[in-house]
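The values are calculated or read from the model by the stated rules, or taken from the named source; none is laboratory data. Worth saying up front: this structure is predicted, and the values here are computed from it rather than measured. Using ideal geometry, Cβ is built from the backbone for each residue, glycine included, and neighbour counts are taken over all protein chains shown. Heavy atoms of the whole protein, side chains included, go into the accessibility calculation; ligands, DNA and RNA do not. Shrake-Rupley method; radii C 1.70, N 1.55, O 1.52, S 1.80 Å.
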Amino acid sequence: MLAEARRIARTRHPARTLHDAVAAEFLFDAGPEGAASIERELRSRFSDRPIDIVIQPAGHRRKRLFLADMDSTMIGQECIDELADFVGLKAEVAAITERAMRGEIAFEPALRERVALLKGLAVGVVDEIIAKRIRLTPGGRALVQTMRAHGAYAGLVSGGFTLFTGPIAQKIGFEEHRANRLVIENERLAGRVEEPILGREAKLATLIELRQKLGLSHEETLAVGDGANDLAMLTEAGLGVAYHAKPAVAAAAHARIDHGDLTALLYVQGYAASEFVKAM
């Protein structure tokens, strides 16, 4: 496969193996139009195989700021859907979630509508959901801890809820988390979310704020997500990655990972498997 890829890219640079039979890279010379043409040809040639292809400039590959969505990105579930299951409304809420993530309906009113359905739910179920239902996405801990070990700053920024992002950010190793706050009355959900809602624009603003605070260039930033409310953040990042994402998101992002786990984001930065920090 690598020989065929090198032929398409018209390069004589030798391939560098990042992980045996898992990931490799090679350099080629081309401008933006040439790179886009090579990517199209590679995707066409290997469309029948579970191969992720990322083409990017060689400079600033190792990023110094990493922002990640949580639901269906750093974890395998949608937390609001799991909450809805406790009131027997998972199917109804999940349908709204899916439409919002596809960009078919606006995120903010969709969130208010779903949260209203949770009114009266005991807040204690959050601990049960995290313990029994939430599964971290494979490779997430290695991704965050390896980047941090090499000087990057990592933040979890979610349209979900702080009740979840706090514990999950700690489990994975993020340095900070930002999300929406559910209104709680007498240890039960009040069916409301505090305003303003953290959605598409707030995720974008977080990226810009932290980039400026850390004194970083645009090229030194990396963001990952799967839904429509991640798109502004993904397109503003130096490298925005759509991870097992909705079709519209995958089509608009700089790069897409459709098959691999989250360690793919280390490979695209040029990390070999031998450099990964072992997840604790």
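Per-structure values
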{"item": "Chain lengthening between residue 21 and residue 192 when straightened (0.36 nm per residue, less Cα-Cα)", "result": "56.7 nm"}
{"item": "Whole-number accessible area per residue in Å² for the chain, which is evaluated in the context of all protein chains at 1.4 Å", "result": "47 Å²"}
{"item": "With DNA, RNA and ligands ignored, accessible area of residue 206 (1.4 Å probe; Å², nearest 10)", "result": "10 Å²"}
{"item": "In degrees, nearest ten, helix 107-116 long axis to first principal axis of the chain (Cα)", "result": "40 degrees"}
{"item": "19 Å reach of a label modelled at residue 122, 7 Å along Cα-to-Cβ, counting backbone N of segment 143-168", "result": "163-164"}
{"item": "Relative contact order (%) - criterion: Cα under 8 Å, at least six apart; region: segment 240-280", "result": "28 percent"}
{"item": "Efficiency of FRET between residue 150 and residue 102 - r from beta-carbon atoms, R0 35 angstrom, step 0.05", "result": "0.50"}
{"item": "Gap separating the Cα centres of segment 212-228 and segment 1-80, nearest whole Å", "result": "18 Å"}
{"item": "Percent of beta bridges antiparallel (DSSP, the chain, rounded to nearest 5)", "result": "30 percent"}
{"item": "Where a label projected 7 Å from the Cα of residue 181 along Cα→Cβ would reach, residues of segment 125-161 with amide N under 20 Å", "result": "125-127, 156-161"}
{"item": "Residue 19 - accessible surface, heavy atoms, 1.4 Å probe, Å² rounded to 10", "result": "70 Å²"}
{"item": "Positive-end extreme of charge dipole, segment 59-120 - chosen from 79, 93, 60 (charges on Cβ)", "result": "60"}
{"item": "Residue-count net charge about residue 233 - beta-carbon cut-off 12 Å; Lys, Arg +1, Asp, Glu -1", "result": "-2"}
{"item": "With DNA, RNA and ligands ignored, accessible area of residue 44 (1.4 Å probe; Å², nearest 10)", "result": "80 Å²"}
{"item": "Computed over segment 119-219, Kirkwood Rh from alpha-carbon pairs, angstrom", "result": "15.2 Å"}
{"item": "Rounded tilt (10° steps) of 162-172 against the dominant C-alpha axis of the chain", "result": "40 degrees"}
{"item": "Within-13-Å neighbourhood charge of residue 113 [Cβ basis; K, R +1; D, E -1]", "result": "+3"}
{"item": "Protein accessible area in the chain, 1.4 Å probe - carbon and sulfur %", "result": "50 percent"}
{"item": "Cα-based Rg and Dmax for segment 144-196, where Dmax is the largest Cα-Cα distance (Å)", "result": "13.7, 44"}
{"item": "Solution diffusion estimate, µm²/s, Stokes-Einstein, the chain, Kirkwood Rh from C-alpha pairs, 10 °C, viscosity 1.306 mPa s", "result": "81 µm²/s"}
{"item": "Max mean-square fluctuation residue, GNM over the chain, Cα-Cα springs under 10 Å, options 212, 145, 56", "result": "212"}
{"item": "Overall dimensions of segment 21-97 as given by Cα atoms, namely Rg and Dmax in Å", "result": "19.5, 57"}
{"item": "At R0 = 35 Å, FRET efficiency that the Cβ-Cβ distance of residue 213 and residue 37 yields, to 0.05", "result": "0.40"}
{"item": "Dipole of the chain [Lys/Arg +1, Asp/Glu -1 at C-beta], most positive-end residue of 223, 265, 162", "result": "265"}
